[in-house]
Every structure is written in C-alpha cells, then in structure tokens.
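Asks: The structure is given below, and queries will be raised subsequently.
The values are calculated or read from the model by the stated rules, or taken from the named source; none is laboratory data. Computed from a predicted structure; not experimentally measured. Every residue, glycine among them, receives a Cβ derived from its backbone with ideal geometry; neighbour counts consider all protein chains shown.
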Amino acid sequence: MNIGRVLAKQDRMIRKGRKTTQWERIRRRLKIEFLAKGIVVCETCGGDFYLTFAHRFKRRFITDETELKQVALLCLNCHDRVERLPHIEMYDRITTIIENRI
C-alpha cells in the first residue's frame, strides 16, 4: 500500500472551514516528517487503517511548532481507544508511544 496515496485521500476528505485551515498545514508537514523517519503504520498495532495523529496535548494548544515529539501516528481504532481515556491516562499513553519511538 502506498502511504502517500492513503494520506492524500484522507486530506481530500477533510471538511473545509476556517478552524481546519491551520491544522491542515500542520498535518501536511507532519506527514512529511513521519514519512522521512520511516513511520508509515500505526505506532501501537502496526495497522494502516485510516492513519491519524494523536496529540499529547489538546489540539487547540498546538501551534505551528508541532513536532514529532508531540504527536503519535495511530490508526483510527487505536486513536479512538486513546481518546476515550481520561485526560491524564491519554497523556501517559501517548507519551509512552513517543518514548518507545526513540
């Protein structure tokens, strides 16, 4: 499966609006950084079903300075599981994923 094609398809599915404009720009940069590091599958289960980013902090606090050390690449199922956790557990889980990457 071509990860670039999958991520491009996901980009087209994003709802256009003023709230998503900044996030779309950050997403593009993150995708390039993850591809350069060779991270092309879910960092938890290894799947490639609708890859998305899980943030260590709430997205509203993320600026253009977003880097690999603040997000994890997860499939939709793992992302949903992490997002349902209480906030402190979610932070700990994503931090563990990011630390295991290094």
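Asks: Take segment 25-48 and flag every residue that is over 18 Å from Ile97 (Cα atoms) and surrounded by 14 or more Cβ atoms within 10 Å (Cβ to Cβ).
Replies: Matches in segment 25-48: Ile26, Arg27.
Asks: Going by what's in this entry, would Asp80 be described as at pLDDT below 80 and not aromatic (Phe, Trp, Tyr)?
Replies: Values: at pLDDT below 80: no; not aromatic (Phe, Trp, Tyr): yes.
So Asp80 does not fit the description; no.
Asks: Do we have Ile97 as in a helix (DSSP H, G or I), of a type in the set (A, V, I, L, M, F, W, C), in contact with a Ser or Thr (Cβ under 7 Å, 6 or more places away or on another chain) and modelled with pLDDT of 60 or more here? Spell out the reasoning first.
Replies: On the way: in a helix (DSSP H, G or I): yes; of a type in the set (A, V, I, L, M, F, W, C): yes; in contact with a Ser or Thr (Cβ under 7 Å, 6 or more places away or on another chain): yes; modelled with pLDDT of 60 or more: yes.
Judged against the criteria, Ile97 is a match.
Asks: Still on this structure, please answer the following. When segment 85-99 is examined, which residues are found to be among the hydrophobic types (A, V, I, L, M, F, W, C) and touching a Lys or Arg at 6+ places or on another chain (Cβ under 8 Å)?
Replies: Let us first name the residues in segment 85-99 that are among the hydrophobic types (A, V, I, L, M, F, W, C), namely 85, 88, 90, 94, 97-98.
Selection gives Leu85, Ile94, Ile98.
Asks: A further question on this structure: Quick one: in segment 48-77, which of the residues that are farther than 15 Å from Lys37 by Cβ and of a type in the set (Phe, Trp, Tyr) is modelled with the highest pLDDT?
Replies: Applying the filter and picking the extreme gives Tyr50.
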